[in-house]
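Here's the structure we're looking at; comments come further down.
Read-outs throughout are calculated quantities, based only on the coordinates presented, and are distinct from any laboratory measurement. Note that the structure is predicted; figures quoted are calculated from it, not measured. Note that we place each Cβ from the backbone using ideal geometry, even for glycine, and neighbour counts take in every protein chain shown.
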Amino acid sequence: MNKYVIGLDYGTDSVRAIIVNAKNGEEVGSGISYYKRWSHNFYCDKVNNQFRQHPLDYIESLEKAVGKAIEEAGKEIAHCIVAISVDTTGSTPVAVNKEGVPLALTPEFKENPNAMFILWKDHTALKEADEINNLAATWGGVDFTKYEGGIYSSEWFWAKILHMLRVDPSLRNAAYSWVEHCDWIPALLCGTKNVDQIKRSRCAAGHKAMWHPEWDGLPSEEFLVKLDPLLAGLRERLYTETYTSDQVFGTISSEWSDRLGLPSDVAIGVGAFDAHLGAVGAQIKPFYLSKVMGTSTCDMVVAPTAAVSQKCVKGICGQVDGSIIPGMMGLEAGQSGFGDVYAWFRDVLMWPVKHIIPNINGVAPEQAQEITDIVSDSILAELSKAAESINPEETGVVALDWFNGRRTPDANHNLKGVIAGLNLGTNSPAIFRALVEATAFGSKRIVERFKEEGIPIEGVIALGGISKKSPFVMQIVTDILNMPILVAKNDQTCALGSAMAASVVAGVHQTFEEAQELMGNGYEKEYTPRPEYVDMYQRLYEKYQQLGHNIEKMY
């Protein structure tokens, strides 16, 4: 009898569920559900970089997405499902009580954004991240950031927790512990009632919480209390052990077995982050850069542990044994803004459409909305067509991609985006092309940092929405990197990676490598550099670096 697995992929806007034949990777059902509250921008404050998600969005969307996938696959397939594994965004932690329940699910905190999941791109903890970095460099003890690239980010676990403890006394008094999103979903599915029994993801702990075997787990109590006495005692209420995503978290609870219509013995795997399991789904191999290209980018590299164990790669998002493929070192980098930069420019251009057209006499509200939707849906594609024919050196426009700060190399979320070299002849396509080039230059800087630190990059694998939807962006990235880029065939590569992990959790496959070989979908396209652009972009890249150097002094 065929055995099937479910891969769950919790993204920024929605959760995706796919049902896959664990023997050969055939996808037989899929479902997607968008977060209802998030879609209305509830609990967010973009001006102040606050982005929070209600746990009810995760629960409701889980049930809907899996239900859609089962409906498509057929109920007879549901009886053959043997395991579920989960990936999520991260670092996306939440305050919980002793039972592991997010405080936002309790009556007192149900509308309190501080009691909700703090999304990966929430940058309200800039001050706390700076304090962590300053203390780690000066306190005279172990530098707990050294396996995190040497710089701790406001996007990560400890900075966010400390910020919440400082700004919300009621939350501080009620929070027993804190849990990452990728740890909470498996606990939810298993009906775990004690936070101390939650198996914590090696991926999340190593890359975002400064966990490392060298210092027996999390940073020392002495360091944390010196950072802020509010952290006293929290370390012992968190965790010491971590688990790779080939490990079994537990068995589905009777409640969730009934709610999802699944067998009562379905195994639930230890969770991980989306980009890491996305790299698995894209069939990452040693020294290839797996590049998830969406609102931001996450760049993954795996390498034999022996090749990296003596290195501390500077300025990246951590190096963790087993965070991507168990038994290999996983290295993470990325950009805080990629597709978000293009979306920002679209929204700037859309202002008159949204605010003037509805007020024109004779234009009905329905017509105004239709026009707005058409323009919004097509504007980036039309800009791409117009920008494609522009010679980038003739415009004189150079941009910096730090609109959401800089993740790597050398995290600094105080930095800002810049568009330079404008004149009265500069038009929208020229600005758009400069923004695309800036995001590609940011990608090049990451590749260069790996090489500078002795980590060769032998190829690039792209996945995510932009890799599928924008040949214009992909060709520019290829030209600027001066490396071929393979595009993963599967549309839901992160969910497929979770399904591969589930197949190992269920024992259908013994290793991730075996699962990749038998369940992988391969690649649909390869972009190659255009020689006539390579030298041109090298010259522009030098201007990008010079601009960045000057702007960084200001911030």
Antiparallel as a % of all DSSP beta bridges within the chain, to the nearest 5? 70
Efficiency of FRET between Glu542 and His40 - r from beta-carbon atoms, R0 56 angstrom, step 0.05: 0.80
Rounded to whole Hz, the Karplus (6.51, -1.76, 1.60) HN-Hα couplings of region 150-165, x for glycine and proline: x, 9, 8, 10, 5, 7, 10, 3, 5, 4, 5, 4, 4, 4, 5, 4
Say each of Lys311 and Ile59 gets a label point 7 Å from the Cα, pointing the same way as Cα to Cβ; how far apart are those two points in nm? 4.5
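Computed FRET efficiency, Cβ-Cβ of Glu517 and Glu76, R0 41 Å: what is it to the nearest 0.05?
That gives a FRET efficiency of 0.90.
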Only residues of region 516-555 count here: report those whose backbone N is under 19 Å from the spot 7 Å along Cα→Cβ of Asn391, or say none. 530-543
Among the listed pairs Lys354/Lys385; Lys75/Lys110; Lys489/Lys543; Lys160/Lys543; Lys64/Lys385, which have their C-alpha atoms separated by more than 32 angstrom in this model? Lys75/Lys110; Lys489/Lys543; Lys160/Lys543; Lys64/Lys385
What residues have an amide H closer than 5 Å to that of Thr251, excluding those fewer than 5 places away on the same chain, when H is modeled at 1.01 Å from N in the peptide plane? Ile268
For the pair Tyr555 and Arg166, the simple spin-label estimate (label points 7 Å beyond Cα toward Cβ) gives in nm 1.9
Protection proxy ranking of 6-15, 263-272, 81-90 - average other beta-carbon atoms within 10 Å, highest first: 81-90, 6-15, 263-272
Gain upon complete extension [Asn97, Leu230; 0.36 nm per residue less C-alpha separation]: 46.2 nm
FRET efficiency for Asn423 and Lys110, using Cβ-Cβ distance with R0 set to 45 Å, rounded to 0.05: 0.30
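Filter Lys36/Lys121; Lys451/Lys525; Lys23/Lys469; Lys121/Lys416 down to the pairs with a C-alpha to C-alpha distance above 23 Å, please. Show your work: numbers first, answer last.
Details: Lys36/Lys121 19 Å; Lys451/Lys525 25 Å; Lys23/Lys469 30 Å; Lys121/Lys416 15 Å.
Violating the 23 Å Cα-Cα cut-off are Lys451/Lys525; Lys23/Lys469.
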The answer for the longest stretch of the chain without any exposed trypsin sites (Lys or Arg not before Pro) (DSSP loop, at most 12 further Cβ atoms within 10 Å) is 194-555
Quote the relative contact order of region 228-274 in percent (integer), defining contacts as alpha-carbon pairs under 8 Å separated by 6+ residues. 39
Taking 0.36 nm per intervening residue step and subtracting the Cα-Cα distance, what contour gain separates Asp265 from Asn48 on full extension? 73.6 nm
Under the 7 Å Cα-to-Cβ spin-label approximation, Lys3 and Asn134 lie apart by a distance in nanometres of 5.4
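May I ask which of Lys127/Lys208; Lys146/Lys311; Lys98/Lys199; Lys291/Lys444; Lys199/Lys291 have a Cα-Cα span longer than 20 Å here?
Check vs 20 Å cut-off fails for Lys199/Lys291.
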Just to be sure I follow the definition: excluding the sites themselves, where is the longest run in the chain that has none of the GluC sites (Glu not before Pro) in a DSSP loop with at most 14 other Cβ atoms within 10 Å? 242-457
For region 119-125, Karplus couplings with θ = phi - 60° (6.51, -1.76, 1.60), whole Hz, Gly/Pro x: 4, 3, 8, 6, 10, 6, 9
Karplus-derived HN-Hα couplings along region 77-84 (A = 6.51, B = -1.76, C = 1.60, θ = phi - 60°), whole Hz, x at Gly and Pro: 6, 4, 6, 9, 7, 10, 7, 10
Can you give the helix-only mean residue ellipticity at 222 nm for the chain, where every DSSP H stretch with n ≥ 4 adds -39500 (n - 2.57) and the sum goes over all residues, rounded to the nearest 500 deg cm²/dmol? -12500 deg cm²/dmol
